[in-house]
Amino acid sequence: MKPINVLVCVAPGSEEMETVTAIDVMKRAGFCVTVASADPEGSLTLTCSRGVQLVCDAPLASVADQPFDCVILPGGIDGAQCLGDSAIVTEIIKQQQSDHAWVAAICAAPALVLQRHQLYPTSHISCHPSVSDQIPEQWRSRRRVMTDYDHKLITSQGPGSALEFAIEIVHALAGKALAWQVAEPMVPLPNLQYEKKFAE
């Protein structure tokens with residue numbers, strides 16, 4: 001089977017729960033994960049929104065031309081603002097769209113990156129309640145995780161939905177069986193009913 005390649009874009013101020021949960025779940029799924037720094041100064045060691053430090057694999061510019069099955073954008077107001085300021089991030093997302101490949105954004109990133117640059121103007125988008133007013137009402141979703149298969153876009157609300165968001169990325173990229181294989185030993189909340197959604 002062809003390897004699945006995922007890019008996680010990280011910036012100073014990225015929300016650490018969302019970032020680490022995405023990285024962890026992608027690795028549990030056996031995907032090839034590249035964690036790239038969007039720091040304007042090129043630093044690979046970044047301080048997240050609550051002071052946790054993360055070390056990235058590479059500067060974003062050095063991997064921008066590589067093909068990825070999914071590009072993940074964590075939230076955190078400062079981190080999402082930094083990602084939204086990055087022309088490289090915008091071009092990577094446009095390339096994903098051109099390649100009909102997935103993009104996944106959580107928390108503030110759907111508003112401060114995707115909506116800011118009108119990258120998915122006709123997609124239903126979920127995001128953190130604090131920035132949801134930046135999404136036009138007709139496209140604003142209140143779902144914890146919103147998957148738009150037509151546009152290959154997954155969006156989500158925040159740290160509390162980070163695990164659901166990450167599992168949904170696995171589902172979209174590799175199907176129900178792998179999503180359940182990853183989710184079951186993590187003991188997800190029973191009300192998510194993953195055993196019905198994925199295991200049947």
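Across q = 0.19 Å⁻¹, segment 27-129 modelled as identical point scatterers on its alpha-carbon atoms has Debye log10 I(q)/I(0) values of -1.01, in the order of the q list.
For segment 93-142, the square roots a ≥ b ≥ c of the C-alpha gyration tensor eigenvalues yield an a/c of 1.5 or more together with a/b exceeding b/c, which makes the shape prolate. Helices that extend 15 Å or more along their long axis by alpha-carbon positions and average at least -0.5 on the Kyte-Doolittle scale are, among the DSSP H runs of the chain, 16-28, 87-98, 162-174. Per the Debye formula on identical point scatterers at the alpha carbon atoms of segment 72-200, with no solvent, log10 I(q)/I(0) at q = 0.16 Å⁻¹ is -0.76. Computed over the chain, relative contact order equals 19 percent, with contacts defined as Cα pairs under 8 Å that lie 6+ residues apart.
Counting Lys and Arg as +1 and Asp and Glu as -1 over every other residue whose Cβ lies under 15 Å from the Cβ of residue 160, the net charge comes to -1. Ellipticity at 222 nm from helices only: DSSP H runs of n ≥ 4 in the chain, each -39500 (n - 2.57), divided by the residue count, give -9000 deg cm²/dmol. Accessible area per residue for the chain, computed on protein heavy atoms with a 1.4 Å probe, is 47 Å². Cross-link partners of residue 27 among lysines, defined as those whose alpha carbon lies under 16 angstrom from its own and excluding same-chain residues fewer than eight positions apart: 2.
Of all aspartates and glutamates in the structure, the ones whose alpha carbon falls short of 20 Å from that of residue 176, not counting any fewer than 8 places away in one chain, are 24, 69, 148, 150, 164, 168, 184, 195, 200.
Please say if segment 1-56 is rounded, prolate or oblate, where rounded means a/c under 1.5 for a ≥ b ≥ c the square roots of the C-alpha gyration tensor eigenvalues, and otherwise the choice is prolate for a/b larger than b/c and oblate otherwise?
oblate
Please get the size of the charge dipole for segment 57-127, origin at its Cα centre, with Cβ charges of +1 on Lys and Arg and -1 on Asp and Glu, quoted in debye to the nearest 20.
It works out to roughly 240 debye.
Ranking 153, 181, 21 by Cα position along the charge dipole of the chain, where only Lys, Arg, Asp and Glu carry charges on their C-beta atoms, puts 181 farthest toward the positive end.
The values are calculated or read from the model by the stated rules, or taken from the named source; none is laboratory data. Note that the coordinates shown come from a computational prediction; the quantities given were computed from them, not determined experimentally. Virtual Cβ from ideal backbone geometry, glycine too; neighbours counted across all protein chains shown. Protein only, heavy atoms only, side chains kept; ligands, DNA and RNA dropped before computing areas. Shrake-Rupley method; radii C 1.70, N 1.55, O 1.52, S 1.80 Å.
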